[in-house]
Amino acid sequence: GEKVEQHESTLSVREGDSAVINCTYTDTASSYFPWYKQEAGKSLHFVIDIRSNVDRKQSQRLIVLLDKKAKRFSLHITATQPEDSAIYFCAASMRGSSGNKLIFGIGTLLSVKP
Amino acid sequence: DTTVKQNPRYKLARVGKPVNLICSQTMNHDTMYWYQKKPNQAPKLLLFYYDKILNREADTFEKFQSSRPNNSFCSLYIGSAGLEYSAMYLCASRRLGGRKEQYFGPGTRLTVL
């Protein structure tokens, strides 16, 4: 079946540095790529997304890049802060028999050390 | 209120017994989802309701049932729990046609013994 692979299971950076999380997907028809963040003891919540009609999107310190040819997308967090520490999940849309759904990656645990 | 609530937060069940998990939201979202999340695995979609229409994933079709008595509530039902059902169950909701983001609940951790 279709998959989303999240390449870094853990990532540790120093406060102020950048963090990059990479994902690849298999469904060439995927057109929507959201990122979700899960802080310790809390629910997943949406942070940023990108659609296939653009290759870059920025929201404050978050940048998402999309390379459709390589079927790869990435989340860049600039000037990291301790509150960025969390699990980050990437996802890609997939059209199933019952409609569009999201296929998630396994998550990347980001630790930002002071 | 943009929260999705789930009850109970923790559930202990015996093998072979039924399990019923509850999710609610007051955002008037037309679509509600149930995901299963096991350690070191990605959240996996089990089923979703669009309005009153239930859509179940093919590979889990016979294992899970659901009901949605009104727009705010959605349940996940396991008729006969097996050890493999031990997992975190995440409920999410969104409004189709609006922003694509899904709002997630805190999850119910189910342990089957």
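What is the distance in Å between the Cα centres of the stretch A:1-55 and the stretch B:4-68?
Cα centres, the stretch A:1-55 to the stretch B:4-68: 23 Å.
Note down the accessible area of residue A:94, probe 1.4 Å, to the nearest 10 Å².
We get 30 Å² for residue A:94.
Roughly how big is the B-A contact, given as buried accessible area in Å² (both sides, 1.4 Å probe, nearest 100)? Let's see the in-between values first.
Working: alone 6460 and 6440 Å², together 11400 Å².
In total, this chain pair buries about 1500 Å².
Can you flag which of A:42/A:71; A:101/B:11; A:42/B:38; A:42/B:37; A:42/B:52 are past 21 Å Cα-Cα?
Check vs 21 Å cut-off fails for A:42/A:71; A:101/B:11; A:42/B:52.
Taking accessible area as the heavy-atom solvent-accessible surface of the protein chains with a 1.4 Å probe, which residues of the stretch A:24-39 lose no less than 40 Å² upon going from the isolated chain to the full protein assembly?
Residues of the stretch A:24-39 that lose at least 40 Å² of accessible area once the other chains are added: A:32, A:36.
Dipole of the protein assembly as shown, Cα-centred, from +1 at each Lys and Arg C-beta and -1 at each Asp and Glu C-beta, to the nearest 20 debye?
Rounded to the nearest 20 debye, it is 340 debye.
Treating only the Cβ of Lys, Arg, Asp and Glu as charged (+1, +1, -1, -1), what charge dipole size does the stretch A:1-75 show about its Cα centre? Round to the nearest 20 debye. Kindly include the intermediate steps, with their values, before the conclusion.
Numbers: 12 positive and 10 negative charges, 42 e Å.
Magnitude of the dipole: close to 200 debye.
With a 1.4 Å probe and all protein chains left in place, how much of the accessible area of the stretch A:3-89 comes from carbon and sulfur atoms, in whole percent?
Result for the stretch A:3-89: 45 percent of the exposed heavy-atom area is carbon or sulfur.
Kindly write out, for the stretch B:96-107 in residue order, the coupling ³J(HN,Hα) from the Karplus curve 6.51 cos²θ - 1.76 cosθ + 1.60 (θ = phi - 60°), rounded to whole Hz, with x marking Gly and Pro.
3J(HN,Hα) across the stretch B:96-107, in whole Hz: 5, x, x, 4, 7, 5, 9, 9, 9, x, x, x.
In Å², what does the accessible area per residue of the stretch B:28-98 work out to with a 1.4 Å probe?
47 Å²
List the residues of the stretch B:45-60 whose backbone N lies under 16 Å from a point placed 7 Å from the Cα of residue B:38 along the Cα-to-Cβ direction.
B:45-46, B:59-60
Classify the stretch A:75-114: rounded, prolate or oblate, from the alpha-carbon gyration tensor (a ≥ b ≥ c, eigenvalue square roots; a/c under 1.5 rounded; otherwise prolate if a/b is larger than b/c)? Walk me through the numbers before you get to the answer.
Values: a/c = 5.06, a/b = 3.29, b/c = 1.54.
Prolate.
Just want to confirm a number: the relative contact order over chain B, from Cα pairs under 8 angstrom separated by 6+ residues, in percent.
Answer for chain B is 38 percent.
Output ³J(HN,Hα) for the stretch A:77-82: one whole-Hz value per residue in order, computed from phi by the Karplus curve 6.51 cos²θ - 1.76 cosθ + 1.60 with θ = phi - 60°, and x for Gly and Pro.
Computed from phi, the couplings for the stretch A:77-82 are 10, 9, 6, 4, 10, x Hz.
For the stretch A:6-11, take each phi angle, set θ = phi - 60°, evaluate the Karplus expression 6.51 cos²θ - 1.76 cosθ + 1.60, and give the result in whole Hz per residue in order, putting x for glycine and proline.
Couplings: 10, 7, 9, 7, 9, 8 Hz.
Return the aspartates and glutamates within reach of residue A:57: Cα separation strictly under 20 angstrom, same-chain partners fewer than 8 residues apart disregarded; answer none if there are no such residues.
A:17, A:49, A:67, A:84, B:101
Which listed residue (A:75, A:60, A:92) has the Cα farthest towards the positive end of the charge dipole for chain A, taking +1 on Lys and Arg C-beta and -1 on Asp and Glu C-beta about the Cα centre?
So the residue we want is A:92.
Could you tell me the convex hull volume per residue, in Å³, taken over the Cα atoms of chain A?
Dividing the Cα hull volume of chain A by its residues yields 100 Å³.
Given a Förster distance of 25 Å, report the FRET efficiency between residue B:15 and residue A:3 from their Cβ-Cβ distance, rounded to the nearest 0.05.
Efficiency for this residue pair is about 0.20.
By DSSP, what percent of the beta bridges with both residues in the protein assembly as shown are antiparallel, rounded to the nearest 5?
The antiparallel fraction comes to roughly 90 percent.
What nm distance separates the two modelled labels at residue B:109 and residue B:73, each placed 7 Å from Cα along Cα→Cβ?
Distance between the two pseudo-spin positions: 2.7 nm.
Pick out which of B:12, B:76, B:46 has the largest mean-square fluctuation in a Gaussian network model of chain B, springs linking Cα atoms closer than 10 Å.
B:12
Pairs of Cα atoms under 8 Å, at least six residues apart: use those to get the relative contact order of the stretch A:43-97, whole percent.
Once normalised by length, the contact order is 20 percent.
Can you bin the stretch A:24-70 into rounded, prolate or oblate? Criterion: square roots of the alpha carbon gyration tensor eigenvalues sorted a ≥ b ≥ c, rounded for a/c under 1.5, prolate for a/b above b/c, oblate for the rest. Walk me through the intermediate numbers first.
Values: a/c = 2.83, a/b = 1.62, b/c = 1.74.
Oblate, because a/c is 1.5 or more while a/b does not exceed b/c.
On a full-extension model of 0.36 nm per residue, what is the gain between residue A:72 and residue A:27, subtracting their alpha-carbon distance, rounded to one decimal in nm? List each step's numbers first, then the result.
Details: separation 45, 0.36 × 45 = 16.20 nm, distance 1.10 nm.
Using 0.36 nm per residue and subtracting the Cα-Cα distance, I get 15.1 nm.
At 1.4 Å probe size, put B:111, B:2, B:60 in order of accessible surface, largest to smallest.
Sorted by accessible area, descending: B:2, B:111, B:60.
The values are calculated or read from the model by the stated rules, or taken from the named source; none is laboratory data. The structure presented is a predicted model; accordingly, all values stated were derived computationally and were not measured. In this analysis, Cβ positions are derived from the backbone assuming ideal geometry, glycine residues included, and neighbour counts consider all displayed protein chains. Keep in mind that these areas ignore ligands, DNA and RNA; they rest on the heavy atoms of the full protein, side chains included. Shrake-Rupley method; radii C 1.70, N 1.55, O 1.52, S 1.80 Å.
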